[in-house]
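Read the structure below first, then the notes.
The values are calculated or read from the model by the stated rules, or taken from the named source; none is laboratory data. In this text the structure is predicted, and so the values were computed from the model without any measurement. Every residue, glycine as well, gets a Cβ built from its backbone with ideal geometry; the counts of neighbours run over all protein chains shown. Surface accessibility is based on the protein's heavy atoms, side chains included, excluding ligands, DNA and RNA. Shrake-Rupley method; radii C 1.70, N 1.55, O 1.52, S 1.80 Å.
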Amino acid sequence: MEKKEKIIKNLEKPIQKIRFIVQLLFALLCIWIGIEFSQFVLFLETAGAADFSYRPPGVEGFLPISALMSVYYFILSGNIHPIHPAGFFIFLAIVGVSLAFGKSFCSWMCPIGTLSEFVGEFGEKIHKKFFKRRIKIWKYLDYVLRSLKYLLLFFFAFSIFSMTSLALEYFLDGAYNIMADVKMWYFFANISQFSLIVIGVLFLLSIIYRNFWCRYLCPYGALLGITSLLSPAKIKRNPVSCIDCALCAKACPSFIKVDKVLTVRSDECTTCLNCVDVCPVKDTLELKLIGNEKKINKKTVAFGVVLLFVAITGFGMITGNWHNKIPKEIYIELYKNINSIGHPRSISDINKLNKESEKGVENGR
Ligand code: SF4
Ligand code: SF4
């Protein structure tokens, strides 16, 4: 009661409108990339007869496995692999943003995160109307389901990190990797009935339970969850001025009990700042730097997230590591056999193949 009398109202403006604008701009950018890429595919389909031959490098942002391979290749060889250089820098930008500001890519930029958020909000409105509360999954089942995305991440990371540098080159230089974006395009353009059903089920589950895909299945989210734990920016609650209204916990899309902790150290916190916006007491819930308790202004997060992303991808552009150097003629030639270009053998087969070729070279010496 005493606490309530001492409330100093939080008059700070919410940041959600700016976050929405950033989300919208990134979603529009992805749509624009999709339109340009569709023109590029048309160019290939017509064997170069169509006018438009520009391949937007941003499409490589949708090839995270190839990007992770490029990062590992860079670690092993010190070189940026030339097939999908933009994918390499987009990957670094996404991880960099999450290291600086927590898992912010998910709530500020990711188009799937944006879609998931809108679907989740729609679902919550329905729940509140009919059940008067948010639906929550039993906490132990929630732990098990949340581990799925980490298992997927572990599977991809293990497969990639067990490759030799030669095996990586074999995959990254291969026709499959070069045409991976075109194949991905056809996956969605000619989507199978089974894939449609899977997407439909995920959509329904996201209405029933907020952020179902992001929370349980997205391996990219798992990676960013891990990097976000290393981030110095954390949501902190001042227990002295807190009036225990629990508005922060109710507003949290990740179901974090913000009102029960002093510092949010969750791999599910996406730095959306919803909790900070709704807190009614001044200087009670803030994003701060751990260690020196310095407050990070909400606008600093907004500009920081965008500027850091632009700076890292911009570095790729100005250093000439953005457009790949594959001639259009090669793309046209490869496109002729697009249906027979399959995924290369398993990672162990690729490694075996490389070891055999290494032996062959040695024996030939
Ligand atoms: S704790 Fe706050 S910033 Fe983190 S996800 Fe929840 S509402 Fe967003
Ligand atoms: S919103 Fe959360 S941090 Fe702010 S006063 Fe209420 S319980 Fe405390």
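Quick notes
- Residue in region 209-223 that is in contact (Cβ under 8 Å) with a residue 12 or more places away in the chain, charged (D, E, K, R) and surrounded by 19 or more Cβ atoms within 10 Å (Cβ to Cβ) present: yes
- Checking MET163, MET179 one by one, the residue that is modelled with pLDDT of 95 or more and crowded, with 17+ Cβ neighbours inside 10 Å is MET179 and no other.
- Candidate set from region 209-243 (those that are touching a Leu at 6+ places or on another chain (Cβ under 7 Å) and among the aliphatic types (A, V, I, L, M)); member that is nearest to ligand 2 (Cβ to nearest atom): ILE235
- For region 120-138, the criterion of being β-branched (Val, Ile, Thr), buried (at least 17 other Cβ atoms within 10 Å of the Cβ) and in a helix (DSSP H, G or I) is met by none of the residues.
- Search result, residues across region 37-56 that are without any contact (Cβ under 8 Å) to a residue 40 or more places away in the chain and open to solvent by 30 Å² or more (accessible area, probe 1.4 Å): GLN39, LEU42, THR46, ALA49, ASP51, PHE52, TYR54
- Checked against the criterion of being out of contact with any Gly (no Cβ under 7 Å at 6 or more places or on another chain), more than 10 Å from ligand 1 (Cβ to nearest atom) and small (Gly, Ala, Ser), the candidates ALA251, ALA246 yield just one match: ALA246.
- Flag for GLY58 being more than 26 Å from LYS298 (Cβ to Cβ) and touching a Leu at 6+ places or on another chain (Cβ under 9 Å): yes
- Of note, VAL240 does not satisfy the criterion of being free of Cβ contacts under 8 Å to residues at least 40 places away in the same chain, over 27 Å from ILE21 (Cβ atoms), within 13 Å of ligand 1 (Cβ to nearest atom) and open to solvent by 20 Å² or more (accessible area, probe 1.4 Å).
- Which numbered condition ILE290 fails, given (1) closer than 30 Å to ASN211 by Cβ; (2) away from ligand 1 (no atom under 16 Å from the Cβ); (3) at pLDDT below 95; (4) not hydroxyl-bearing (Ser, Thr, Tyr): (2)
- Tally, over region 269-283, of residues that are more than 7 Å from ligand 1 (Cβ to nearest atom) and either more than 24 Å from ILE7 (Cβ to Cβ) or of a type in the set (D, E, K, R) (or both): 3
- Residue within region 5-14 that is over 18 Å from the mean Cα position of the chain (by Cα), open to solvent by 80 Å² or more (accessible area, probe 1.4 Å) and modelled with pLDDT of 90 or more present: no
- Tally, over region 244-257, of residues that are open to solvent by less than 30 Å² (accessible area, probe 1.4 Å) and near ligand 2 (Cβ under 6 Å from one of its atoms): 2
- ILE31 passes every criterion in (1) surrounded by fewer than 19 Cβ atoms within 10 Å (Cβ to Cβ); (2) outside any helix (DSSP H, G or I); (3) at pLDDT 95 or above apart from (2).
- Out of ASP283, ASP267, one residue alone is within 13 Å of ligand 2 (Cβ to nearest atom) and either in a loop (DSSP other than H, G, I, E, B) or open to solvent by 60 Å² or more (accessible area, probe 1.4 Å) (or both). It is ASP283.
- Number of positions in region 286-310 that are under 13 Å from ALA100 (Cα atoms) and either open to solvent by less than 50 Å² (accessible area, probe 1.4 Å) or in contact (Cβ under 8 Å) with a residue 40 or more places away in the chain (or both): 12
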